[in-house]
Amino acid sequence: MADSLRDCETVLAQAATMVRPLVRSRVHTLPPQVRHVAGLHFGWWTDDGTVLDAPAVSKGVRPALVLLACRAVGADPDAARAAAVAVELVHNASLLHDDVIDQDPLRRGRPALWAAKGVPAAILAGDALFFAAVQSLAGAPAADRTVPVLLAAVQALIEGEYLDTLMESGTDVREERAAEVAAGKTGALLACACELGAIVGGATEERAQLLHGFGRRLGIAYQCVDDVLDIWGEEPVTGKPALLDLRSRKVIIPVAAAMAGHTPQARSLRALYSGNGPLGEEEAARARDLIEQTGAREATLRRARRHTADALHLLDQAEPEPVAAR
Ligand code: FPP
Ligand code: MG
């Protein structure tokens, strides 16, 4: 376990070294005011312009997947840098908008941009990063194949996010819907990351699709775990206050799984969620306990394991270069 963690950290650190400077130089091409607020989001500087040395940053899972997918099809990951930058920029664009939608005041342990500088700043910085992502791909080789893949992923992301808001408003709380949200919100961009890496690495369409499938399932598994952490994770790990999602009555995967049952706990949870306004601290803690009692925490982790197994099966079929695959 310790070894695999060390490997994982090394892989993420190597990818960060290859991608972060390029993300930064791409953001530097933005007009000054938008560049300033984008830099606040990344934690590069404070509002008065003081440069920060070691901000809490994105884990960089998505760009690392782009580079690894490229290597997995036998190419030099250098060929995938522009695509990795694009995926990281889209991810950050989506987080800026997501925090506005969720009204989450914290991101990576810092005030979310909308909370620090207002909703217009966050929406426009998100828009700017999204188009900067397209610019990154448009100026790189194979743009005729990569740009449509990125744009299709963004449409899926938007659909996933919108479905998520419908779940929150209580119009649709089925467990399968929650899984669909995960596939759109998270699966689509991880799928895109792997597919783009494969394309720029010169893979056949079939191989690129296998890696797309791998990323998609990995993304769903990732979202399942993220949702479990949203309930049972600690603030220092998640960068967000505990039980935030429950307090705002978000129907994340474990909640949908718990509500689907016919037990007294499921009924109590549905009743708790049926009111208006945020849940108080004690109510949120009660919701967490009810979810646990229905077995939904374990069921969500089982779902994550199932998708991970499917992901690994597809990866295997893509006959990847072994080091990248590991
Ligand atoms: C985080 O979910 C949200 C996403 C991963 C996707 C959000 C997508 C959009 C806003 C649409 C795409 C828009 C653009 C400009 C590309 P979460 O709320 O479960 O995660 P969190 O706990 O990290 O906030
Ligand atoms: Mg959110």
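The values are calculated or read from the model by the stated rules, or taken from the named source; none is laboratory data. In this text, all values refer to a predicted model and were calculated from it rather than measured experimentally. Neighbour counts run over all protein chains shown; Cβ positions are idealised from the backbone, glycine included. Note: areas computed on protein heavy atoms with side chains; ligands, DNA, RNA excluded. Shrake-Rupley method; radii C 1.70, N 1.55, O 1.52, S 1.80 Å.
Here are some notes:
- Stretchable slack from D78 to L312, in nm (0.36 nm times residue separation minus alpha-carbon distance): 81.8 nm
- Between the alpha-carbon centres of segment 14-77 and segment 179-236 there is a gap of 19 Å.
- For the pair R24 and L166 in one chain, pulling the backbone fully straight at 0.36 nm per residue adds 47.6 nm over the alpha carbon distance.
- Sequence ranges 196-203, 280-287, 127-134, 216-223, ranked by mean other-Cβ count within 10 angstrom, highest first: 196-203, 216-223, 127-134, 280-287
- Shape of the chain, Cα gyration tensor, a/c cut at 1.5: oblate
- Heavy atoms of E180: accessible area, 1.4 Å probe, square angstrom to 10: 90 Å²
- Surface analysis of segment 83-231 yields an accessible area of 38 Å² per residue, using protein heavy atoms and a 1.4 Å probe.
- Ranked by how many other beta carbons lie within 10 Å on average, peptides 157-168, 69-80 from highest: 69-80, 157-168
- Segment Q155-L52, length gained on full extension (0.36 nm per residue, minus Cα span): 33.7 nm
- Whole-Hz couplings from phi, Karplus 6.51/-1.76/1.60, listed for segment 29-38; x for Gly and Pro: 7, 6, x, x, 5, 5, 4, 4, 6, 4
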